[in-house]
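K.L.:
Before I ask anything, here is the structure I am working with.
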Amino acid sequence: MNVVVDNLLTHYEMTGQGKVVLLLHGWGDNLMGLSSIQKSLAKKYTVVSLDLPGFGATQAPTTVWNLDNYAYFTEAFLAKLDLKPYAVVGHSNGGALAIRAIAMQLLNPTKLVLLAASGIRDGQTAKRLGLNIIAKVGNAATFWLPKTTRGKLRKKLYGAVGSDLLVVENLQETFKQTVRQDVQADAAQLVLPTLLIYSDADTAVPIKDGHSYNKLIKNSRLEVINGASHFVHLDQPLRVDSLIQEFLA
């Protein structure tokens, strides 16, 4: 489905019935990256997942954006569809976006789930973070394909880092502005029940960030998945699904 939000053609999916759960994907990903969670939650909830501007089938912003711009866009998207989320699930940069949007009072969910959420900036460069995330996206985007096809597609994806994938009009600067924005002060403002799911083997967003958020967000609980990648929900779908379902109930 498509809708025009702030002059950007925006692609989204809405499935299921019940309380609304909003899914926010990470940088370099799209709504398909959270499709396993969408399918699972749609059994009990109305699940809304969108391609954020510049990704998937949604138009890229025509100016340089940061998390604030994405937060305002998300608010406008929900207003356009007249939706009020009961819960928000954010992966990676989508988690940082959720934190920022809630702190800005643009989102007001009852519960929050953060999957390997980024947003704690400790000197890691945008380029290094981008390389890690794009590499993981390559794995996620091709994991269902035959092995003979996976290698070719991943090679193309990795080769695009720093060129075609990030060279969209204004997207390189948007990338820099977005992935460098620290949301620790925003996290400290949150009081809603929050489930943090991180992996101890994540090379894109380290487990220490999960512990930091657990200290910053007053009403939070940290669950650590052993041995999973940055896409913890794809590596351990049954475990992650169980944790989210129990938390949202």
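K.L.:
For the pairs 19/111; 111/218; 84/215, flag any whose C-alpha to C-alpha distance is greater than 21 Å.
P.N.:
Table pairs above 21 Å Cα-Cα are 84/215.
K.L.:
Counting other beta carbons within 10 Å of each residue's own, what order do 213, 86 fall into, fewest first?
P.N.:
86, 213
K.L.:
Sorting 37, 99 on the 10 Å Cβ count, fewest up front, what's the list?
P.N.:
37, 99
K.L.:
To the nearest 20 debye, what is the magnitude of the charge dipole of the range 15-91 about its Cα centre, counting +1 on the Cβ of each Lys and Arg and -1 on the Cβ of each Asp and Glu?
P.N.:
420 debye
K.L.:
List 180, 100, 121 from most exposed to least, where exposure is judged by having the fewest other Cβ atoms within 10 Å.
P.N.:
180, 121, 100
Every number here is computed from the coordinates shown, using simple stated rules; none is lab data. This one's a predicted model, so the numbers in the text were calculated from it and none came from an experiment. Quick reminder, even Gly has a Cβ in these numbers, built from the backbone with ideal geometry, and neighbours come from all protein chains shown.
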